[in-house]
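All remarks here apply to the structure that follows.
The values are calculated or read from the model by the stated rules, or taken from the named source; none is laboratory data. All values derive from a computational prediction rather than experimental measurement. Heads up, the Cβs are rebuilt from the backbone with ideal geometry, glycines too, and the neighbour counts pull from every protein chain shown. What goes into the accessible areas is simple: the full protein's heavy atoms, side chains included, and nothing from ligands, DNA or RNA. Shrake-Rupley method; radii C 1.70, N 1.55, O 1.52, S 1.80 Å.
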Amino acid sequence: MEELVINGGKRLEGKVTIKGSKNSILPILAAGILATEGKSVIHDVPNLTDVDNIMEIIEYLGVEVQRDGNIVTLDAIKMNRHDATLDCVSELRASLFLLGPIIARFGFSEISQPGGCAIGTRPIDLHLKGLEALGVTFEQSHGLIKGRTNGLKGARIYLDFPSVGATENLMMAASIAEGQTILENVAEEPEIVDLANFLNNMGAKISGAGTNMIKINGVKSLKGTVHTVIPDRIEAGTYMVAAAAAGGNVLLENVIADHLKPVIAKLKEAGAQVLEEDDGIRVISEGSINCKGIVIKTMPYPGFPTDMQAQLLALLLSAKGRSYVTETIFERRFQHVEEFRKMGADIVMAGNTVALSGVDKIYGASVLATDLRAGAALVIAGLYAEGETRVGNIHYIDRGYDGLVENLRSLGADIKRAVR
Ligand code: UD1
């Protein structure tokens, strides 16, 4: 098994080009199966295991999938299966994105129940309730979700919580439902807007994406299109925090600063310089030890993203004074706290809040990534810890960071993959 070995203490200098967004490409690949005419050509597709897995599932469904570097071409015309029951389906939460599109296309679907995961139980009730409102009936047994409809019909649906995935699933299904659908209290994340743009280019009639109410006028069919995925704001945020924590001067290219507002605000508050330049965002910092403690609470977009919580915590381990970080989206998203303690962090956890007091030094240790973002956070801590940090369970990191080691090495970090 591989692990990452980091020798801390190197400043980061240089530039990194951010890849296409993981959280955009996964629903976009699922939406691609709705095209009954023409091919879809998608640019800036990151090289990630989550993307490989969803492409494998789509191929199993009968879609022709071709990858040439960062360009993926989908031909869904001959798609002929409605059952996504491969082993990798239950492991990949994103396979749930296929539920809406498969039902919309065939009138029935059968997919393996996606499991819970390290960060929380991750129920799917909002996906199911919303699709039921569009006319689907579900039966769940033996780890399978079977859905059936005699035809999707537009409806007015209010989400109890602005779930990103449920908003996306419903947008995809409603695109080819009969009549109008109005989705209220929906997620406003940039990835929702990206998916809506993709669907609209396929011929859908969606308005309001990026606000809390989305209107969809159903159309009879969709066709393939050409699309470039938005840059990954979480990947960008991770490198920004890495530069702030390790110290240095790093320019991130291919970023949309608007998508990063909450992260930029918190980095500035902690004491890093963040400059929005013509060709990207530059972070200049003297490292965690010269930052100060701050208060963070994760919220749905445009609030501070839960996917950046662990990385910010990594930045604050040596910041002067106290920091408080509250997680409101996922109930078990603090497993990295125990790993940070192994590195000498002074953190107390009470309910969904952690309080931490900056320590003068953190130390290299053997730690385990407990989920994707926790893995990135441990790497960030390792970049400025004294001595050697070994991060295990790096398959989590490979799910969401394309070229992390190469990028950090190009910035001057001492990091490598090694066999454990
Ligand atoms: C997406 C992102 C993930 C990010 C999360 C929150 C993708 C592929 N993943 O995940 O990186 O951390 O948004 O920004 O885009 N919930 C329910 N019932 C449901 C669905 C969700 O109770 O049917 C709850 C979840 O348990 C969680 C909250 O809603 O507490 C937010 O989840 P959601 O927005 O759905 O996250 P995902 O779409 O799974």
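From Gly130, Gly120, which residue is over 30 Å from Asn217 (Cα atoms) and either more than 8 Å from the ligand (Cβ to nearest atom) or open to solvent by less than 50 Å² (accessible area, probe 1.4 Å) (or both)? Full working, then the answer.
Values: Gly130 fails: over 30 Å from Asn217 (Cα atoms).
Only one candidate passes the filter, namely Gly120.
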Scope the stretch 174-210; condition buried (at least 19 other Cβ atoms within 10 Å of the Cβ) and more than 21 Å from the chain's Cα centre (by Cα); matching residues = Ala174, Ser175, Ile176, Ala177, Thr181, Leu183, Met202, Gly203, Ala204, Ile206
Among (1) within 16 Å of the ligand (Cβ to nearest atom); (2) closer than 27 Å to Val226 by Cα - the single one Leu34 does not satisfy = (1)
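Could you tell me whether Val45 is of a type in the set (Val, Ile, Thr), buried (at least 16 other Cβ atoms within 10 Å of the Cβ) and more than 16 Å from the ligand (Cβ to nearest atom)? I'd like the intermediate steps shown before the answer.
Values: of a type in the set (Val, Ile, Thr): yes; buried (at least 16 other Cβ atoms within 10 Å of the Cβ): yes; more than 16 Å from the ligand (Cβ to nearest atom): no.
No, not satisfied.
Is it fair to say Phe108 is among the hydrophobic types (A, V, I, L, M, F, W, C), more than 17 Å from the chain's Cα centre (by Cα) and more than 29 Å from Gly20 (Cβ to Cβ)? Spell out the reasoning first.
Working: among the hydrophobic types (A, V, I, L, M, F, W, C): yes; more than 17 Å from the chain's Cα centre (by Cα): yes; more than 29 Å from Gly20 (Cβ to Cβ): yes.
Yes, satisfied.
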task = Would you check if Glu168 is within 24 Å of the chain's Cα centre (by Cα), of a type in the set (D, E, K, R) and closer than 17 Å to Pro114 by Cβ?
result = yes
ask   = Can you name every residue in the stretch 71-115 that is part of a helix (DSSP H, G or I), open to solvent by less than 40 Å² (accessible area, probe 1.4 Å) and without any contact (Cβ under 8 Å) to a residue 40 or more places away in the chain?
value = Cys88, Val89
inquiry  = Which residue is least open to solvent (accessible area, probe 1.4 Å), if the candidates are limited to the stretch 306-332 and must be in contact with a Lys or Arg (Cβ under 8 Å, 6 or more places away or on another chain) and farther than 22 Å from Lys261 by Cα?
reply    = Ser318
task = Sort out for me the strands (runs of 3 or more DSSP E) sitting completely within the stretch 158-227 that have 2 or more residues that are touching a Lys or Arg at 6+ places or on another chain (Cβ under 8 Å), over 16 Å from Ser24 (Cβ atoms) and not hydroxyl-bearing (Ser, Thr, Tyr).
result = 180-184, 213-217
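Test of understanding: among Val250, Val241, which residue is buried (at least 21 other Cβ atoms within 10 Å of the Cβ) and part of a helix (DSSP H, G or I)?
Working: Val250 fails: part of a helix (DSSP H, G or I).
From the options Val250, Val241, the qualifying one is Val241.
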task = Quick one: count up the residues across the stretch 133-157 that are farther than 19 Å from Ile206 by Cβ, in a strand (DSSP E or B) and within 16 Å of the ligand (Cβ to nearest atom).
result = 4
